[in-house]
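Step one of this worksheet: look at the structure below.
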Number of protein chains: 2
Amino acid sequence: PDLACIERAKARQDQLTKPRGSLGRLEQLAVELAGLQATDQPSADPVAITVFAADHGVCDEGVSAYPQEVTAQMIANFASGGAAISVLAKQLGASLEVVNLGTVGPVEDLPGIRNEPIAPGTANLALTDAMSSEHLHAALQAGDRAAERAVKSGCKLFIGGEMGIGNTTSATAIACALLNRPPAGLTGPGTGLDPAGVQHKQDIIQRALHRHGSDTSPASILSSLGGFEIAALTGAILGCAARGVPVLVDGFIVSVAALVAVRQQPSARPWLIFSHQSAEPGHRSVLETLNAEPLLHLGMRLGEGSGAAVALPLLRSACALHNAMASFADAGVSQ
Amino acid sequence: PDLACIERAKARQDQLTKPRGSLGRLEQLAVELAGLQATDQPSADPVAITVFAADHGVCDEGVSAYPQEVTAQMIANFASGGAAISVLAKQLGASLEVVNLGTVGPVEDLPGIRNEPIAPGTANLALTDAMSSEHLHAALQAGDRAAERAVKSGCKLFIGGEMGIGNTTSATAIACALLNRPPAGLTGPGTGLDPAGVQHKQDIIQRALHRHGSDTSPASILSSLGGFEIAALTGAILGCAARGVPVLVDGFIVSVAALVAVRQQPSARPWLIFSHQSAEPGHRSVLETLNAEPLLHLGMRLGEGSGAAVALPLLRSACALHNAMASFADAGVSQ
């Protein structure tokens with residue numbers, strides 16, 4: 001972040017024709033973006049959305065309300081424009097790219113879908129490491145390449161999303177390992193488990209944590225408990241931060257990937273803006289650990305980057321106000 | 001609200017390619033708008049924004065951080081596009097109309113400004129009724145006419161805003177009278193009073209409430225303690241509700257006008273969607289009384305309709321998702 005730009009942005013906010021501070025979080029957002037983008041004219045556009053998709057071996061344990069083939073079916077739905085993030089990307093004029101990192105069923109060639117399969121899903125993390133260190137490396141690299149493509153395309157802001165039946169189980173296990181907390185307070189219904197289903201999911205996560213042991217290094221947690229799409233998100237976040245592009249972080253899954261990234265590279269933290277707080281119970285704890293105050297509390301829990309997309313207009317408004325409002329002097333308004 | 005449309009909208013939400021309920025408040029918003037607009041294709045567009053401006057005699061008591069001439073100066077700033085709501089209206093593609101109901105200083109003819117002055121501001125509500133019953137009637141009618149113009153223009157959603165130095169004093173006094181609460185918990189800094197200033201403002205409001213007495217009829221409270229722009233907002237809200245157009249309610253001042261409207265006409269309540277919770281302390285109590293859960297909590301306290309404008313994209317996204325997402329059957333996604 002550019003401190004001179006931050007100071008100039010703060011000074012400008014205090015000269016705009018409004019009571020000081022009266023735009024609340026929008027003022028902070030504009031100042032923050034000015035610093036991150038090293039500019040006097042912060043912008044949330046162009047914005048690049050990349051959704052990472054992959055399957056999870058832990059679905060063998062019956063941890064999701066949906067069958068595993070839904071991951072591949074939803075990839076087709078992204079391509080045909082019927083998924084939530086497809087509708088939002090179109091509405092918001094954002095570019096949307098979907099990266100398939102490996103599903104159990106085949107995924108045909110479809111427009112807007114990059115097939116970069118690592119394996120037909122991860123291994124069952126309740127029984128064994130979800131991925132090898134080679135697979136982890138491949139997933140992190142896939143995320144970094146996506147960040148590189150987005151930055152090369154000229155984006156000023158990056159949104160990462162995910163799709164993967166079973167991935168709240170993986171993300172919750174990662175969160176428990178990173179926060180050193182038992183799964184009881186962090187496990188939620190995901191796509192819609194009933195209370196007995198949540199209890200079973202919690203037991204599976206507990207088993208995975210026991211298997212994993214006490215290794216707290218982010219990389220080992222990610223390979224032991226992660227998903228390809230979660231690791232790719234970590235890679236994309238680190239890639240954006242390293243290239244100086246802010247990331248608008250989506251919900252629970254992406255926040256867990258962000259936490260892994262920040263544990264690995266604390267200097268990535270300032271590049272993260274947190275869009276919303278998910279209804280998934282573990283999200284609050286992850287956000288608190290990251291000292292993050294999300295912009296929206298709408299009870300969303302869909303994933304795909306949808307919460308970040310819904311929050312994007314707040315950043316756009318913050319930038320428009322910062323860049324286009326008159327100053328007291330310009331407008332001849334008494335101060 | 002059309003109950004059949006509500007039922008069909010709920011059924012549609014449950015068929016879209018997402019876990020049930022996973023869009024949280026956005027699902028409720030789409031269903032609510034479908035019922036209010038009596039349609040299967042709810043929409044937040046076109047949207048009409050009307051800002052009502054007027055001066056307040058109570059400024060004689062030194063209740064604002066800004067001089068009273070700022071009201072007229074800001075009307076000119078609305079016209080030239082430099083005010084927050086001007087920037088937001090342009091950014092969001094919303095129509096913006098400003099109705100001047102009476103300022104202490106003259107307001108020249110300016111594009112986009114309707115001059116409909118009732119008097120050069122209200123009388124000092126600390127000493128006497130802020131307006132006569134004729135003035136009250138004129139202000140309510142000005143609001144109703146604005147609603148009529150907006151509806152005739154084809155708007156699907158109405159946003160009312162306000163500008164008037166001193167109007168948090170008036171709005172707080174109205175809220176205290178309607179809620180039968182002392183000013184201590186409801187009085188705030190408005191545009192930026194220091195703690196001594198807030199205490200003084202509270203004393204002035206207490207004096208006004210003592211003068212006003214125990215009459216709890218909404219009309220008498222409005223003429224005794226109101227402002228022209230607040231009464232016009234009440235008229236506009238009642239006018240939109242009567243004509244079947246939903247209102248996206250802005251912050252503290254507009255919510256107080258909405259409370260007056262609902263006390264006068266309880267059937268207006270379903271037509272109100274509350275956009276944000278202001279940093280002004282009285283807003284929470286007014287929202288609670290209206291059983292309203294606002295969409296945004298961004299610490300804004302600017303007025304002008306700015307909070308509602310910032311929340312507008314949430315309604316747009318809710319509608320886009322409702323109207324354009326694929327169903328499980330259409331997309332061939334397992335349920």
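The values are calculated or read from the model by the stated rules, or taken from the named source; none is laboratory data. Source: prediction; values computed, not measured. Because the Cβ atoms are built from the backbone with ideal geometry, glycine has one as well, and the counts that use them run over all protein chains shown.
Would it be correct to say that residue B:138 is surrounded by 24 or more Cβ atoms within 10 Å (Cβ to Cβ), at pLDDT 95 or above and among the aliphatic types (A, V, I, L, M)?
On the way: surrounded by 24 or more Cβ atoms within 10 Å (Cβ to Cβ): no; at pLDDT 95 or above: yes; among the aliphatic types (A, V, I, L, M): yes.
Criteria not met by residue B:138.
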>> Let me spell it out: the conditions are (1) closer than 26 Å to residue A:272 by Cα; (2) out of contact with any Gly (no Cβ under 8 Å at 6 or more places or on another chain), and residue A:54 meets all of them except one. Which number is the exception?
In response: (2)
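Scanning for something in the same structural domain as residue A:283 (by TED's automatic domain parsing) and more than 24 Å from residue A:276 (Cα to Cα), does the range A:224-236 turn up at least one residue? Write out each step before concluding.
Residues of the range A:224-236 that are in the same structural domain as residue A:283 (by TED's automatic domain parsing), as a first pass: A:224-236.
Adding the requirement that they be more than 24 Å from residue A:276 (Cα to Cα) leaves A:224-225.
Yes - at least one qualifying residue is present in the range A:224-236.
Yes/no per residue for (1) in contact (Cβ under 8 Å) with a residue 60 or more places away in the chain; (2) of a type in the set (S, T, N, Q):
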{"residue": "B:72", "(1), (2)": "no, no"}
{"residue": "B:83", "(1), (2)": "yes, no"}
{"residue": "B:87", "(1), (2)": "no, no"}
{"residue": "B:111", "(1), (2)": "no, no"}
{"residue": "B:115", "(1), (2)": "no, yes"}
{"residue": "B:118", "(1), (2)": "yes, no"}
{"residue": "B:139", "(1), (2)": "yes, no"}
{"residue": "B:152", "(1), (2)": "no, no"}
{"residue": "B:155", "(1), (2)": "yes, no"}
> If residue A:287 satisfies every condition in (1) in contact with a strand residue (DSSP E or B) (Cβ under 8 Å, 6 or more places away or on another chain); (2) of a type outside the set (Ser, Thr, Tyr); (3) buried (at least 24 other Cβ atoms within 10 Å of the Cβ); (4) part of a helix (DSSP H, G or I) but one, which is the exception?
Replying inline: (3)
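Residue check: is residue A:160 away from every other protein chain (no Cβ under 13 Å) and under 17 Å from residue A:235 (Cα atoms)?
On the way: away from every other protein chain (no Cβ under 13 Å): yes; under 17 Å from residue A:235 (Cα atoms): yes.
For residue A:160, the condition - away from every other protein chain (no Cβ under 13 Å) and under 17 Å from residue A:235 (Cα atoms) - is met.
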> Of everything in the range A:317-333 that's under 35 Å from the mean Cα position of the chain (by Cα) and more than 7 Å from chain B (Cβ to nearest Cβ), which residue is surrounded by the fewest Cβ atoms within 10 Å (Cβ to Cβ)?
Replying inline: A:323
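Determine if the range A:305-315 includes at least one residue that is more than 30 Å from residue B:83 (Cα to Cα), assigned to a helix (DSSP H, G or I) and at pLDDT 95 or above. It would help to see each step written out before you state the result.
First pass over the range A:305-315, keeping only residues more than 30 Å from residue B:83 (Cα to Cα): A:305-306.
This time we only want the ones that are assigned to a helix (DSSP H, G or I), so: A:306.
Checking the rest, the ones that are also at pLDDT 95 or above come to A:306.
The answer is yes, given that some residue of the range A:305-315 is more than 30 Å from residue B:83 (Cα to Cα), assigned to a helix (DSSP H, G or I) and at pLDDT 95 or above.
Give the residue, chosen from A:97, A:61, that is more than 21 Å from residue A:169 (Cβ to Cβ) and not hydrophobic (A, V, I, L, M, F, W, C).
A:97
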>> Could you check the range A:271-293 and list, in sequence order, the residues that are more than 23 Å from residue A:184 (Cβ to Cβ) and either hydrophobic (A, V, I, L, M, F, W, C) or in contact with a Leu (Cβ under 7 Å, 6 or more places away or on another chain) (or both)?
In response: A:271, A:272, A:273, A:274, A:275, A:276
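Only one of B:229, B:293 is within 22 Å of residue A:22 (Cα to Cα) and in a loop (DSSP other than H, G, I, E, B). Can you tell me which? Quick ask: steps written out before the conclusion?
Values: B:229 fails: in a loop (DSSP other than H, G, I, E, B).
Of the residues listed, the single one that is within 22 Å of residue A:22 (Cα to Cα) and in a loop (DSSP other than H, G, I, E, B) is B:293.
What residue, of B:172, B:187, is among the β-branched types (Val, Ile, Thr), assigned by TED's automatic domain parsing to the domain that holds residue B:278, over 18 Å from the mean Cα position of the chain (by Cα) and modelled with pLDDT of 95 or more?
Working: B:172 fails: over 18 Å from the mean Cα position of the chain (by Cα).
Of the residues listed, the single one that is among the β-branched types (Val, Ile, Thr), assigned by TED's automatic domain parsing to the domain that holds residue B:278, over 18 Å from the mean Cα position of the chain (by Cα) and modelled with pLDDT of 95 or more is B:187.
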>> Tell me the residue from A:285, A:306 that is within 8 Å of chain B (Cβ to nearest Cβ) and among the small types (Gly, Ala, Ser), please.
In response: A:306
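Return a yes/no flag: does the range B:255-266 have any residue that is in contact (Cβ under 8 Å) with a residue 12 or more places away in the chain, polar (S, T, N, Q) and over 23 Å from residue B:125 (Cα atoms). Give the derivation first.
Kept after step one, since they are in contact (Cβ under 8 Å) with a residue 12 or more places away in the chain, are these residues of the range B:255-266: B:255-265.
If we keep only those that are polar (S, T, N, Q) as well, we get B:255, B:264-265.
Remaining after also requiring over 23 Å from residue B:125 (Cα atoms): B:265.
Checking the range B:255-266: at least one residue is in contact (Cβ under 8 Å) with a residue 12 or more places away in the chain, polar (S, T, N, Q) and over 23 Å from residue B:125 (Cα atoms).
Pick from the range B:97-134 the residues that are within 14 Å of chain A (Cβ to nearest Cβ) and either of a type in the set (A, V, I, L, M, F, W, C) or touching a Cys at 6+ places or on another chain (Cβ under 6 Å) (or both): which of them is surrounded by the most Cβ atoms within 10 Å (Cβ to Cβ)? Give the derivation first.
Applying the first criterion (within 14 Å of chain A (Cβ to nearest Cβ)) to the range B:97-134 yields B:103-105, B:107-108, B:110.
Right, trim to either of a type in the set (A, V, I, L, M, F, W, C) or touching a Cys at 6+ places or on another chain (Cβ under 6 Å) (or both) and you get B:104, B:107, B:110.
Numbers: B:104: 17, B:107: 19, B:110: 15.
Ranking the qualifying residues of the range B:97-134, first place goes to B:107.
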> So how many residues does the range B:162-200 have that are assigned to a helix (DSSP H, G or I) and within 19 Å of residue B:69 (Cα to Cα)?
Replying inline: 4
>> Anything in the range B:196-232 that is among the acidic types (Asp, Glu) and surrounded by 16 or more Cβ atoms within 10 Å (Cβ to Cβ)? List them, or say none.
In response: B:229
> Quick check: anything in the range A:236-243 out of contact with any helix residue (DSSP H, G or I) (no Cβ under 6 Å at 6 or more places or on another chain) and part of a helix (DSSP H, G or I)?
Replying inline: yes
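So is residue A:280 of a type in the set (Asp, Glu) and more than 12 Å from the chain's Cα centre (by Cα) or not? Outline the logic, then answer.
Details: of a type in the set (Asp, Glu): yes; more than 12 Å from the chain's Cα centre (by Cα): yes.
Judged against the criteria, residue A:280 is a match.
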> Scanning for something farther than 25 Å from residue A:3 by Cβ, within 10 Å of another protein chain (Cβ to nearest Cβ) and at pLDDT 95 or above, does the range A:254-276 turn up at least one residue?
Replying inline: yes
> Is one or more of the residues making up the range B:15-22 in contact with a Leu (Cβ under 8 Å, 6 or more places away or on another chain), under 23 Å from residue B:160 (Cα atoms) and either within 13 Å of chain A (Cβ to nearest Cβ) or part of a helix (DSSP H, G or I) (or both)?
Replying inline: no
> Can you tell which of A:85, A:49 is under 27 Å from residue A:152 (Cβ atoms), within 12 Å of another protein chain (Cβ to nearest Cβ) and touching a Phe, Trp or Tyr at 6+ places or on another chain (Cβ under 9 Å)?
Replying inline: A:85
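Would you be able to say whether some residue in the range B:53-74 is under 30 Å from residue A:163 (Cβ atoms) and within 14 Å of chain A (Cβ to nearest Cβ)?
So in the range B:53-74, the residues under 30 Å from residue A:163 (Cβ atoms) come out as none.
No, every residue in the range B:53-74 fails to be under 30 Å from residue A:163 (Cβ atoms) and within 14 Å of chain A (Cβ to nearest Cβ).
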